[in-house]
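Worksheet for the structure shown next.
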Amino acid sequence: MIKKCFLCGGKTTKKLITAENWWGNDLTLIENVPSWVCDNCGEQYFEPEVCEELDRLRKTPPANKKLIQIPVYNFPKTGHPY
């Protein structure tokens with residue numbers, strides 16, 4: 001159980017979230033993942049068992065629940081040196 005955020009010190013609350021995972025070049029979303037979420041900054045923390053299950057899903061992905069399209073944009077050139 002993670003009661004305090006390691007980044008800002010805020011209190012965390014257990015919630016079901018949608019986790020984003022990059023598997024190679026593919027972005028996947030896993031819904032209803034139990035997580036401790038900071039009430040202040042939104043940082044998410046997972047229990048060890050949840051991490052193990054996410055790793056298992058990464059190695060053997062199940063059938064897709066649904067597919068969505070995500071738009072991709074270029075960041076505008078604004079004169080920054082990078």
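No lab work stands behind these numbers, since they all come straight from the coordinates. Everything numeric here is computed off the predicted structure, so don't read it as measured data. So basically every Cβ, Gly included, is an ideal-geometry build from the backbone, and we count neighbours across all protein chains shown.
Descriptive notes on the structure:
- Each residue of region 49-64 was assigned a 3J(HN,Hα) from its phi angle through the Karplus curve 6.51 cos²θ - 1.76 cosθ + 1.60 (θ = phi - 60°); the sequence is 5, 5, 4, 4, 5, 4, 5, 4, 5, 5, 6, 9, x, x, 5, 4 Hz, with glycine and proline shown as x.
- Here the Kirkwood formula, the inverse mean of 1/r across different C-alpha pairs, assigns the chain a hydrodynamic radius of 15.2 Å.
- Pairs from LYS14/LYS59; LYS14/LYS66; LYS4/LYS66; LYS11/LYS77; LYS15/LYS66; LYS14/LYS77 whose Cα-Cα separation, in the structure shown, is over 32 Å: LYS4/LYS66; LYS11/LYS77; LYS14/LYS77
- Rounded to the nearest whole Hz, the Karplus-based 3J(HN,Hα) values (6.51 cos²θ - 1.76 cosθ + 1.60, θ = phi - 60°) of region 11-27 follow the sequence 6, 10, 10, 6, 9, 8, 10, 9, 8, 9, 9, 9, 10, x, 8, 9, 8, with x at glycine and proline.
- Cα Rg, Dmax (largest Cα-Cα span) when computed across region 12-59, Å: 11.2, 33
- Distances between placed amide hydrogens fall under 5 Å for GLU47 paired with TRP36, all partners being 5 or more residues away or on another chain.
- The H on the amide N of ASN40, modeled in the peptide plane, is under 5 Å from the matching H of LYS11, each at least 5 residues off or on a different chain.
- Under DSSP loop assignment and at most 12 Cβ neighbours within 10 Å, longest trypsin sites (Lys or Arg not before Pro)-free interval of the chain: 4-64
- Candidates per chymotrypsin sites (Phe, Trp or Tyr not before Pro) in region 1-57, loop by DSSP, up to 16 other Cβ within 10 Å: PHE6
- Close amide H contacts of LYS4 (hydrogens built in the peptide plane, cut-off under 5 Å, sequence separation of 5 or more or a different chain): THR12.
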